[in-house]
Amino acid sequence: MTASQPTEWTTTQLARRRQLQHQAKIVFMLCRMTGRTMKHRCKNGLIAKAGPKVIRTAVLLASCLMQPALAYDSAKLAAALDLLSSATFPEWERQAYANNPMAQNVVGMAYKYGEVTPQNPALSLHWFLKAAQQGDADAQFNLGRIYGKATGPVYGKQRAAPRDDVTAADWYRKAAEQNYAPAQFNLGEMYAEGNPSFPRDLAQAFFWMQRALAEGDQNASAKLKKIESELNAADRDRVHHLATEWTQRHRQ
């Protein structure tokens, strides 16, 4: 007589289930990255033979697969980019095709910089868009940079798309709403500078710079002082209104 399955999982059972799923994905990644099949997963010292860097990459990839589609982790992205190499790129690309948003963003970065695979601005844009549409804040930020004023050695020299400040601001705003400080800073800067296609708005500029500073971007401090010196009474009222709306949108 077989034991019946529990109708509800306890907290301990759910935690153990997630742990086992994570371990299984790590083993699967190691098999993929070392060219072995799943039947060899317990033979020939798979983990010992893999090497520490391959193991770290497998753990990271497995962690990416376990996270919800709309979750975002800056530290995890930094670790992913640190481990990205010509050897690990094919696995990242496989996961990108499997619709994992962080992998799509990582692959977009790889094609953007062209260090581990030939540079390809069109493919970079393609993968950033895929990740951004799933809510990846860094991919949304990257799209903002692509469509924005595009300065620097990568974005400035070879554009992946024509400049479109309205589209750039839309993508920055999506990331900024997720409390992604780089996007908040860039959006605030766009509002502070303004141009014929994107009107200057000091209240919006001050609000988003405040958000960036609150999220730890110290570069926003000097910008805030400059913007504040230009605010009038109406601007200050609007900043207060924007802050109230933000609190209402992000109330837990």
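Every read-out reported here was derived from the displayed coordinates using simple, explicitly stated rules and does not represent laboratory data. Since the structure is predicted, the reported quantities are computational estimates derived from the model, not experimental observations. Using ideal geometry, Cβ is built from the backbone for each residue, glycine included, and neighbour counts are taken over all protein chains shown.
Counting only residues at least eight positions apart within a chain, or on another chain, the aspartates and glutamates with an alpha carbon under 17 Å from that of residue 226 are 189, 193, 201, 217, 235. Measuring between alpha carbons in the structure, the pairs from 174/225; 149/223; 130/174; 112/149; 149/174 lying more than 23 angstrom apart are 174/225.
Ranked by how many other Cβ atoms sit within 10 Å of their own Cβ, fewest first, the residues 117, 88 fall in the order 117, 88. Among 249, 173, the order by Cβ neighbours within 10 angstrom, fewest to most, reads 249, 173.
As a length-normalised measure over Cα pairs under 8 Å and 6 or more apart, the relative contact order of segment 181-252 settles at 29 percent.
Per-residue 3J(HN,Hα) values for segment 210-215, derived from phi via the Karplus relation 6.51 cos²θ - 1.76 cosθ + 1.60 with θ = phi - 60°, read 4, 5, 4, 5, 4, 8 Hz in sequence order (x marks Gly and Pro). The ranking of 107, 116 from fewest to most other beta carbons within 10 Å of each one's beta carbon is 116, 107.
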